[in-house]
Amino acid sequence: MPAPDLAALDAALADAERDLAEQRRLTARLERGEAAVAAADAEVVARRARLADESADVRRLESFSPTRIWAGLRGSRDVDLDRERAEQQAAEYAVAQAEARLARARDEVGVTRAALDAVGDATARRREALAGKEEHLRATGHPSVPELDEIAGLTGAGRSAVAELQEAVAAADHALARLSAAAELLSSARSWSTADTFLDGGLLTDMVKYDRMDAAQRLLHDADLALRGLATELADVGMTAVGGIEVTSLTRTFDVWFDNIFSDWSVRNRITEAADRVAWTLRAVADVREQLLARWRTEHAGLERLAVRREELLAR
């Protein structure tokens, strides 16, 4: 079997450097993921405890308890029960959201562990590649050993950086798409809420508004997940994450029971707040994407310079 030439040995070293950089990145991601799982698990426990308290409040008003008797004497039982049921529904929604975040965090940890296992022992492969190349170059007396070693290491690290930046750009594009969809629907929902407030739209307007509010809530949830994915990718390339978006279904619950100008103004204000936050986040993510692209161009140009220099050295 013929001995490997210099180009093959240099390529093996670059691959080993790339794998080592990937191993370090995945190890750091795993640590962050495990911390996220612990935090999400604690949040689920807290949300479930809050739900238990809210459910107990509802049961006290529904049963023949001192609480119900006192509320009945004050003539406020129906109002109190409606309020407690709304708070219970809000707590149920919060539990569901927390459980979804916990499941997602656990899934991400599982994926990261599998990827780390797939990389294997990159340190050993790099050590073997270095030893093989050193043996070959010492045997042939090649004069460019130090610089070629440096180029191989920089090339592996550069390829890893380019790949990570590409993943972060893709995550930013995904988040921008989800945010844009939410912004478009929120704009429509805001106009319907305004019509309901000032024009007394009635049942038909309510149905349209609620349908769009529900759709907007789903889109905001999707946008929140996309932003969490972007945050993970940004952490990999050392950038600060953009915050998430979370909305509540409390507004619709109150508007069903108290359909008047106060609840309608509440709906409109909540839509406005959500729309403003989405608009701000869209600008922030677009800015982050431009920064990522600028870094990608810099890293790519660096790889091209390294490739040119390597060819110059090997052509001597």
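The numbers here are math on the coordinates, done by the rules we state, and not lab data. Predicted model, so just to flag it, every value in this text is computed and none were measured. Please note: Cβ atoms are built from the backbone with ideal geometry, for glycine as well, and neighbour counts cover all protein chains shown.
Observations
- P(r) weight above 16 Å for segment 102-176, C-alpha pairs, percent: 70
- Additional length obtainable on full extension of the chain from residue 214 to residue 55, 0.36 nm per residue less Cα span: 54.9 nm
- When each of the peptides 47-59, 92-104 is scored by the mean number of other C-beta atoms lying within 10 Å of its residues, the order from highest to lowest reads 92-104, 47-59.
- Summarising the label geometry, the points placed 7 Å from Cα in the beta-carbon direction at residue 269 and residue 99 lie 3.2 nm from one another.
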